[in-house]
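Participant: Sharing a structure here in structure tokens format.
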Amino acid sequence: MSANGVMDLVADRMERARAAQQVFERYTQEQVDEVVTAVGWAIVHPERNRALAELAVKSTGLGNVADKVVKNRRKTMGLLRDLRGAKTVGVIAEYPEQGIVEIARPVGVVGAVVPSTNPAATPANKTINALKGRNAVILAPSPKGAGTCAKLLEFIHAELGRVGAPPDLVQMLPLPVTKELTLELMRQVDLVVVTGSQSNVRAAYSSGTPAIGVGAGNVVSIVEESADLAAAAANIRRSKIFDNATSCSSENSVVILDAVYAPTVAALEREGGVMLTAAEKARLQSVMWPDRKLSAAVTAKAAPEIARLAGIERAREARFLMVEDDGAGPDHPFSGEKLSPVLTVYRARGFEHAMDIARAVYRYQGAGHSIGIHTRNDEHVLRLGLELPVCRVIVNQAHCIANGGSFDNGLPFSLSMGCGTWGRNSISDNLNYRHFLNITRVARPIPPVEPTEEELFGAYRRKYGA
């Protein structure tokens, strides 16, 4: 397709989206919330949910159906819980003592770039957040996930029709989705939100359009002396194998303090982990990185399938594979993000050494994302938040379940994790509905609050003789 053809095709969708958004902008809060509920039901409906999960696994080859069904439902139910009662129409806050009134306004038309790892859950999440702010959204799925996204859009349009909302509020790029179409969409929309490859994130930031991108995952989890080792092992296993580790929040490495190293490894083995020998690790490495690049043959595949590819017969029934390592960086590929049920195990002399190992891993990959810790020591928890380049510290939880919001923690439900400036991102929190709003502030006069020079500089001048 010619450059002009690409521009015109995106422009046509933009024109329809703007017309729909201008109608939607006049909706009341009650009407907006009904639309949000309708789109949530489009994916939570049990038959539709299963159809989307089955199509996702069939078309992408990533993950497994049962866990995608759980993910589609849980992430959407959690998001709807977060949005319940949230005000996004008209006056949303008043601060009389400051004379400030805040009014929610839409950002306009959102371009949402979504990955193949979660081709239903992520577009649903972004669409619901965008609609909560009275925006229109145009989805740009990955080529592998485009069919699933198209099926989701079919379900969404059915529910929008049920409540009488304009169908063009939610659109997607036409098939086949190309890089050129996605880049042009980034240029024409009012806001770009990107989850997926870092090349897409960089393209969004350089598109000239306001953009929110998220960083790469490469989660480290620390197990220290005070941890409940059985609970820690169970949580790590649950997180490591969920949807065959498609989540950016799945543990890629575990750092175990020397004092509890042997019993922790034993606990992980009881949970179905198989610790590989040095020779087996070498065979696995050659299969996973045949040309120093992570192979699609192992991405989001079950551990027995990966073991078969590597010729490791004794691991044919493993729930996850474990390898020991002592370094981080390009010469230690197991220190990076693996997107598979393979867990790298480090042995630390003490907590300081564990933090040093985590820093080295994040210098290589995953800075800004998150870290897990299994402990009863609150001082250690706080130190991770104070000293390591991470935006989230997940305490005594299954990391990939908790990191994107959970019913038993206070993080917003999301599939897109901001990594702050450490991860070259513009946000450091979980992507949520507030990122899809413009806020207009009305300022009225208040009694003057003007400090004296003595109040501001008196103590300083006396201390330093200034």
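Participant: Just to be sure I understand the filter: pairs with C-beta atoms under 8 Å, separated by 6 or more residues or on different chains, first member in the range 447-466 and among the hydrophobic types (A, V, I, L, M, F, W, C), second member at pLDDT 95 or above and part of a loop (DSSP other than H, G, I, E, B). Which pairs pass?
Facilitator: The qualifying pairs do not exist here.
Participant: Now, a different point. Are there any helices (runs of 4 or more DSSP H) wholly within the range 1-96 with 2 or more residues that are more than 25 Å from VAL109 (Cβ to Cβ), under 21 Å from the mean Cα position of the chain (by Cα) and not β-branched (Val, Ile, Thr), and if so which?
Facilitator: On the way: elements: 3-24, 29-44, 46-60, 65-83.
Correct list: 46-60, 65-83.
Participant: Here's a follow-up. Pull up the range 23-58, narrow it to residues that are touching a strand residue (DSSP E or B) at 6+ places or on another chain (Cβ under 9 Å) and surrounded by 14 or more Cβ atoms within 10 Å (Cβ to Cβ), then point me to the one that is nearest to VAL69 (Cα to Cα). Even if it seems obvious, please write down each step before you answer.
Facilitator: Taking the range 23-58 as the starting set, the residues that turn out to be touching a strand residue (DSSP E or B) at 6+ places or on another chain (Cβ under 9 Å) are 24-25, 28-29, 39.
Add one more test, that the residue is surrounded by 14 or more Cβ atoms within 10 Å (Cβ to Cβ), and what stays is 24-25, 29, 39.
Working: PHE24: 30, GLU25: 33, GLN29: 30, VAL39: 16 Å.
Restricting to residues being touching a strand residue (DSSP E or B) at 6+ places or on another chain (Cβ under 9 Å) and surrounded by 14 or more Cβ atoms within 10 Å (Cβ to Cβ), the top hit is VAL39.
Participant: Run down ILE401, ILE439, ILE357 and say which single residue is in a strand (DSSP E or B) and either exposed (fewer than 12 other Cβ atoms within 10 Å of the Cβ) or in contact (Cβ under 8 Å) with a residue 24 or more places away in the chain (or both). Break it down stepwise before answering.
Facilitator: On the way: ILE401 fails: in a strand (DSSP E or B); ILE357 fails: in a strand (DSSP E or B).
So the residue among ILE401, ILE439, ILE357 that is in a strand (DSSP E or B) and either exposed (fewer than 12 other Cβ atoms within 10 Å of the Cβ) or in contact (Cβ under 8 Å) with a residue 24 or more places away in the chain (or both) is ILE439.
Participant: A further question on this structure: Could you say whether any residue in the range 416-436 is in the same structural domain as ASP243 (by TED's automatic domain parsing), in contact (Cβ under 8 Å) with a residue 60 or more places away in the chain and assigned to a helix (DSSP H, G or I)?
Facilitator: no
Participant: Identify all residues within the range 244-269 that are closer than 23 Å to ALA310 by Cβ and part of a helix (DSSP H, G or I); write none if there are none. Working first, answer last.
Facilitator: Residues of the range 244-269 that are closer than 23 Å to ALA310 by Cβ, as a first pass: 244-247, 250-254, 265, 268-269.
Hits for the range 244-269 are ASN244, ALA245, VAL265, LEU268, GLU269.
Participant: Of all residues in the range 127-161, which are farther than 17 Å from LYS68 by Cβ and either touching a strand residue (DSSP E or B) at 6+ places or on another chain (Cβ under 6 Å) or in the same structural domain as ALA296 (by TED's automatic domain parsing) (or both)? Lay out the reasoning, then the answer.
Facilitator: Here is the first cut: in the range 127-161, the residues farther than 17 Å from LYS68 by Cβ are 127-140, 143, 153-154, 156-161.
Once the filter is applied, which keeps residues that are farther than 17 Å from LYS68 by Cβ and either touching a strand residue (DSSP E or B) at 6+ places or on another chain (Cβ under 6 Å) or in the same structural domain as ALA296 (by TED's automatic domain parsing) (or both), the range 127-161 yields THR127, ALA130, GLY133, ARG134, ASN135, ALA136, VAL137, ILE138, LEU139, ALA140, LEU153, ILE156.
Participant: I'd like to verify a number: residues in the range 374-394 that are under 18 Å from the mean Cα position of the chain (by Cα) and either assigned to a loop (DSSP other than H, G, I, E, B) or over 17 Å from TRP422 (Cβ atoms) (or both), how many? Quick ask: steps written out before the conclusion?
Facilitator: Narrowing the range 374-394 to residues under 18 Å from the mean Cα position of the chain (by Cα): 389-394.
Cutting the leftovers down to either assigned to a loop (DSSP other than H, G, I, E, B) or over 17 Å from TRP422 (Cβ atoms) (or both) gives us 389, 391-392.
Residues in the range 374-394 being under 18 Å from the mean Cα position of the chain (by Cα) and either assigned to a loop (DSSP other than H, G, I, E, B) or over 17 Å from TRP422 (Cβ atoms) (or both): 3 in total.
Participant: State whether one or more residues within the range 268-289 are within 21 Å of HIS380 (Cα to Cα) and within 29 Å of the chain's Cα centre (by Cα). Before the answer, list the steps.
Facilitator: Here is the first cut: in the range 268-289, the ones within 21 Å of HIS380 (Cα to Cα) are none.
There is no residue in the range 268-289 that is within 21 Å of HIS380 (Cα to Cα) and within 29 Å of the chain's Cα centre (by Cα).
Participant: How many residues does the range 139-154 contain that are crowded, with 24+ Cβ neighbours inside 10 Å and either assigned to a strand (DSSP E or B) or free of Cβ contacts under 8 Å to residues at least 12 places away in the same chain (or both)? Even if it seems obvious, please write down each step before you answer.
Facilitator: Residues of the range 139-154 that are crowded, with 24+ Cβ neighbours inside 10 Å, as a first pass: 139-141, 145, 148-149, 152.
Okay, now just the ones that are also either assigned to a strand (DSSP E or B) or free of Cβ contacts under 8 Å to residues at least 12 places away in the same chain (or both), so 139-141.
Residues flagged as crowded, with 24+ Cβ neighbours inside 10 Å and either assigned to a strand (DSSP E or B) or free of Cβ contacts under 8 Å to residues at least 12 places away in the same chain (or both) within the range 139-154 amount to 3.
Participant: Is it the case that the range 272-286 has a residue that's out of contact with any strand residue (DSSP E or B) (no Cβ under 6 Å at 6 or more places or on another chain), of a type outside the set (Val, Ile, Thr) and assigned to a loop (DSSP other than H, G, I, E, B)?
Facilitator: yes
Participant: Another question, then. Among the candidates ILE100, ILE128, which residue alone is closer than 24 Å to GLN31 by Cβ and touching a residue at least 40 places away in the same chain (Cβ under 8 Å)? Walk me through how you get there before you give the answer.
Facilitator: Values: ILE100 fails: closer than 24 Å to GLN31 by Cβ.
Testing whether each residue is closer than 24 Å to GLN31 by Cβ and touching a residue at least 40 places away in the same chain (Cβ under 8 Å) leaves just ILE128.
The values are calculated or read from the model by the stated rules, or taken from the named source; none is laboratory data. None of these values were measured; they are calculated from a predicted model. As a convention, Cβ positions derive from the backbone with ideal geometry for all residues, glycine included, and neighbour counts pool all protein chains shown.
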